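**Q** Have a look at the structure that comes next, please.
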Amino acid sequence: MTLSTKLYDEAVRLFPGGVNSPVRAWRNVGGTPLFLVRGRGATVTDADGKTYCDLIGSWGAAIAGHAHPRVVQAVQQAAAAGLGFGAPTTGEIELGRAIREAMPAIERLRMVTSGTEAVMSAVRVARAFTKRPTILKFAGCYHGHSDGMLVRAGSGPMTFALPDSAGVPESVTMHTVVADYNAADQVRAYVAAKASELAAVIVEPVAANMGVVPPQPGFLMALREATRACGALLIFDEVITGFRLGRGGAQGRFAIEPDLTCLGKIIGGGLPVGAFGGRADVMEQLAPVGPVYQAGTLAGNPVTMAAGRETLALLDAAAYAHLETLGAKMAAGLETILARHRVAGCVQRVGSMLTLFLGIERAATLTDVERLDRARFRAFFFGMLERGFYLPPSPFEAMFLSLAHGEEDVDEFLSAAEDVLRHTPHGAGA
Ligand SMILES: *Cc1c(COP(=O)(O)O)cnc(C)c1O
């Protein structure tokens with residue numbers, strides 16, 4: 001019995017499912033999760049002393065690698081000066097300025113403490129500004145766990161969404177509609193029929209919470225045009241893609257200006273964080289200037305601001321070139337392995353985030369993704385774990401590379417992946 005297993009037995013008596021966020025419980029692969037005690041650079045070490053090459057990277061937040069000396073030093077300095085005051089500090093200005101310089105569409109912003117909160121507040125501002133109730137989202141995009149975002153499609157894109165969690169009333173989800181990702185025609189049809197009700201379209205500009213699903217050419221532009229034409233707002237949820245796909249995030253990469261942007265993960269340098277921002281006229285709806293109430297005791301925390309500021313300082317052009325090189329090498333290597341061993345699957349990548357989808361040839365929508373081979377993924381996950389690679393414990397997630405990963409890590413990853421994929425049986429039921 002491993003120490004992680006013993007710790008998990010203890011944890012399940014404290015926390016539902018033993019965890020404080022469901023994906024950590026490994027329900028998508030079975031088995032018990034590892035307890036991690038240390039992270040350094042590209043590696044994490046578990047309670048049993050085994051070290052792994054980490055491809056989760058705190059779900060993308062750890063873009064600098066774990067415990068980067070400069071980030072740790074900035075955190076220590078900030079902490080020594082006081083952990084937080086609930087009053088304005090210069091750290092907010094420093095991080096806020098870095099974000100606005102990187103994303104010019106963000107004229108004003110507000111710091112919050114999670115991505116969930118960023119989306120929840122952005123949606124409230126959008127409704128207040130437009131004086132309309134409905135939010136259109138896409139199936140497979142995750143926007144945190146606020147009531148109105150925990151929805152699944154109703155009987156069609158023109159009907160209101162249904163709760164996707166117990167405890168969420170239909171009276172809330174009736175103000176959300178769900179369209180298929182990459183289906184610009186569904187959005188146009190909705191706008192044509194119900195524009196006067198539509199407050200905002202919210203989208204992950206590169207979907208990364210159903211595995212990596214890139215936007216098809218023209219999709220994001222179609223959303224920009226459809227929303228602008230009818231007076232609704234376009235919200236980019238860049239909680240993952242912000243500072244991941246380049247300093248300007250997905251909006252910089254695809255040259256599309258949203259009205260509002262949600263951020264999280266990377267901008268906290270590994271500490272709890274969120275932010276939302278955008279057009280000044282929209283953001284000035286917020287209290288204390290405007291009528292939209294929104295607040296946070298620990299928002300703009302100086303230690304978090306320091307970690308974020310120092311992390312963003314590491315993300316220069318050379319850093320993104322390195323991430324791009326690693327991502328391209330990993331994707332090409334995996335594709336070669338799939339072809340060489342006639343394994344059904346595909347690799348979808350944007351920059352330094354990628355997903356190996358086993359059992360499907362491509363994925364443009366959640367419906368495509370749901371056809372993947374879960375049994376085959378499970379075998380891949382445990383095969384890689386055995387060989388020292390800590391992958392997301394679900395086939396519906398992205399792998400994240402960091403500045404601490406090197407080409408040799410990718411080489412080792414690929415030889416392990418070849419070994420595993422060559423030996424796992426073909427077809428379902430592995
Ligand atoms: C992680 C994530 C969120 C939620 O952020 P939390 O900090 O977990 O609340 C929202 N949107 C996207 C796109 C995310 O990836």
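**Q** Between G274, T2, V420, whose Cα lies farthest towards the positive end of the dipole of the chain when Lys and Arg beta carbons carry +1 and Asp and Glu beta carbons carry -1, centred on the Cα centre?
**A** Most positive-ward Cα: G274.
**Q** Oh, and also: What net charge do the residues around D48 carry, taking every other residue with its C-beta under 14 Å from that of D48, with Lys and Arg at +1 and Asp and Glu at -1?
**A** Combined, the nearby Lys, Arg, Asp and Glu give +1.
**Q** Whole Å is fine, so just give me how far the alpha carbon centre of region 331-361 lies from that of region 196-242.
**A** If we compute the Cα centre of each part, the gap is 26 Å.
**Q** Here's something else I'd like to know. Over the Cα atoms of region 69-314, what is the Rg over Rh ratio if Rh follows Kirkwood?
**A** Over the Cα atoms of region 69-314, Rg/Rh equals 0.97.
**Q** At 222 nm, what value in deg cm²/dmol follows for the chain if DSSP H runs of at least 4 each add -39500 (n - 2.57) and the sum is divided by all its residues, to the nearest 500?
**A** -11000 deg cm²/dmol
**Q** Which of T304, C346, Y142 sits closest to the plus end of the dipole of the chain, meaning its Cα is farthest towards the positive end, when Lys and Arg get +1 and Asp and Glu get -1 on the C-beta?
**A** Positive-most Cα among the choices belongs to Y142.
**Q** Any chance you could check the Cα centroid distance between region 395-421 and region 271-314 for me, in angstrom?
**A** Computed from Cα coordinates, the inter-centre distance equals 34 Å.
**Q** Applying a 10 Å radius around every beta-carbon, put 364-376, 125-137 in order of their mean neighbour count, most first.
**A** Ranked from most to least packed, the peptides come out as 125-137, 364-376.
**Q** May I ask you to order 230-237, 1-8 by the average number of other C-beta atoms within 10 Å around their residues, highest value first?
**A** Taking the mean over residues of other Cβ atoms within 10 Å, the ranking is 230-237, 1-8.
**Q** Under a point-charge model restricted to the Cβ atoms of Lys and Arg (+1) and Asp and Glu (-1), what is the dipole moment magnitude of the chain relative to its Cα centre, in debye to the nearest 20?
**A** 420
**Q** Moving on to the next point. Where does each of 95-108, 305-318 land if you order them by average Cβ count within 10 Å, highest first?
**A** 305-318, 95-108
**Q** Which net charge results for the neighbourhood of A250, defined as the other residues with beta-carbon distances under 12 angstrom from its beta-carbon, given Lys and Arg at +1 and Asp and Glu at -1?
**A** -1
**Q** Alpha carbon centre of region 104-163 versus region 16-82: separation in Å?
**A** The two parts, judged by their Cα centres, are 28 Å apart.
**Q** Let me check I've understood the local charge: for M1, count other residues with C-beta under 13 angstrom from its C-beta, Lys and Arg +1, Asp and Glu -1. What total comes out?
**A** -2
**Q** Compactness ratio of the chain: Cα Rg over 2.2 N^0.38 Å, N = residue count?
**A** Normalised Cα radius of gyration, the chain: 0.97.
**Q** For the chain, set up a Gaussian network in which alpha carbons nearer than 10 Å are linked by springs, and say which option among S171, S146, S402 fluctuates the most.
**A** Per the Cα network of the chain with a 10 Å cutoff, S171 tops the list.
**Q** Applying the Karplus parametrisation 6.51 cos²θ - 1.76 cosθ + 1.60 with θ = phi - 60° to the phi angles of region 36-52, what ³J(HN,Hα) value in whole Hz is obtained for each residue in order, glycine and proline being reported as x?
**A** 9, 10, 7, x, 8, x, 8, 10, 10, 10, 8, 4, 8, x, 8, 9, 10
Any read-out appearing in this document is the output of simple, stated calculations on the displayed coordinates, not a laboratory observation. Because the structure is predicted, anything quoted here is derived from the model rather than measured. Using ideal geometry, Cβ is built from the backbone for each residue, glycine included, and neighbour counts are taken over all protein chains shown.
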